[in-house]
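Participant: Let me begin by handing over the structure; questions about it come next.
Taken together, the values in this text are just the output of simple stated rules run on the coordinates, not laboratory data. Treat the numbers as computed from the prediction; the structure is a model and nothing was measured. Cβ sites come from the backbone with ideal geometry, for glycine too, and all protein chains shown count toward neighbours.
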Amino acid sequence: MNDKVLEPLKNRHSVYALGRHVSLSDQELGQLIEDAFVLAPTAFNNQATRAVILLGEQHVKLWDLTEASLRTVAVSPEAFAKTQAKLDSFRQAYGTVLYFIDTNIVHQNETDFPLYAANFHDWAEQGLGGAQLCVWTALSANGLGASLQHYNPLIDAAVAETYDLPAGWQLRGQMPFGSVEAQPEAKPMLPASEKVRVLK
């Protein structure tokens with residue numbers, strides 16, 4: 001059995017201690033993320049998934065606007081301290097991938113295929129999940145760490161305005177990435193027998 005594809009998947013973890021000690025050039029990073037992203041399959045081959053790669057000051061700007069948005073709903077400075085530490089760790093990363101669904105394509109699919117109309121948003125989410133795993137695994141295979149964050153919908157409007165994004169792009173996640181500055185603690189996992197059934 002050829003299980004080589006499993007090794008990169010086993011090594012992919014949520015890494016929060018991220019840094020900027022990255023040996024790949026910005027061009028190489030962009031190409032790696034782009035290639036991994038477009039390889040993920042989508043329902044009806046609708047390709048409704050979208051990504052924006054933020055580097056340098058654009059990456060820092062994202063976490064600045066996220067902090068500003070979160071402060072508008074913070075209960076108290078004391079309660080915000082833990083959130084502040086997490087945001088600071090994301091700022092220290094090398095970059096961030098923003099993930100979107102192009103809802104214009106989803107709505108067009110609903111019109112074109114009315115029998116399946118109720119499923120297209122869910123299928124778009126599934127396609128995006130596959131793309132996120134592809135990118136995350138590709139980064140991990142190149143010695144980089146990442147985690148997947150979800151500050152949407154709180155930051156949606158600010159992100160769309162700041163980065164001048166097309167109407168209809170729905171923000172679904174943020175993936176800060178960079179050098180691994182500290183190994184993450186192992187997370188408990190249910191045994192496969194509780195999650196997968198093989199029937200004959």
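Participant: Let me know the shape class of segment 122-197, please: from the alpha-carbon gyration tensor, a ≥ b ≥ c as square roots of the eigenvalues, rounded when a/c is under 1.5, otherwise prolate if a/b is greater than b/c, or oblate.
Facilitator: Values: a/c = 2.26, a/b = 1.45, b/c = 1.56.
It is oblate, given that a/c is not under 1.5 and a/b is not larger than b/c.
Participant: At 27 angstrom or more along the helix axis (alpha-carbon based) and mean Kyte-Doolittle of 0.0 or higher, what helices does the chain contain? Whole DSSP H runs only. Mind showing how you got there, number by number?
Facilitator: Working: long enough: 120-141 (31 Å, 0.29).
Once both thresholds are applied, what remains is 120-141.
Participant: Considering every pair of different Cα atoms, what Kirkwood radius, in Å, is found for segment 86-135? Intermediate values should be presented prior to the final figure.
Facilitator: Details: mean 1/r = 0.0776 Å⁻¹.
About 12.9 Å for segment 86-135.
Participant: Helix-only mean residue ellipticity at 222 nm, the chain, DSSP H runs n ≥ 4 weighted -39,500 (n - 2.57), per residue, nearest 500. What is it?
Facilitator: Working: 7 runs with 89 residues, N = 200.
Computed ellipticity for the chain at 222 nm equals -14000 deg cm²/dmol.
Participant: Next question. Please list, by residue number, every one of the chymotrypsin sites (Phe, Trp or Tyr not before Pro) in segment 2-54 that is coil in DSSP and has at most 15 other beta-carbon atoms within 10 Å. Before the final figure, lay out the partial values.
Facilitator: On the way: sites: TYR16, PHE37, PHE44; in loops: TYR16.
When the chymotrypsin sites (Phe, Trp or Tyr not before Pro) of segment 2-54 are filtered for loop state and at most 15 Cβ neighbours within 10 Å, nothing remains.
Participant: Below 28 Å Cα-Cα, how many Lys pairs turn up in the chain? Only count pairs eight or more apart in sequence, or on different chains, if you could.
Facilitator: 12
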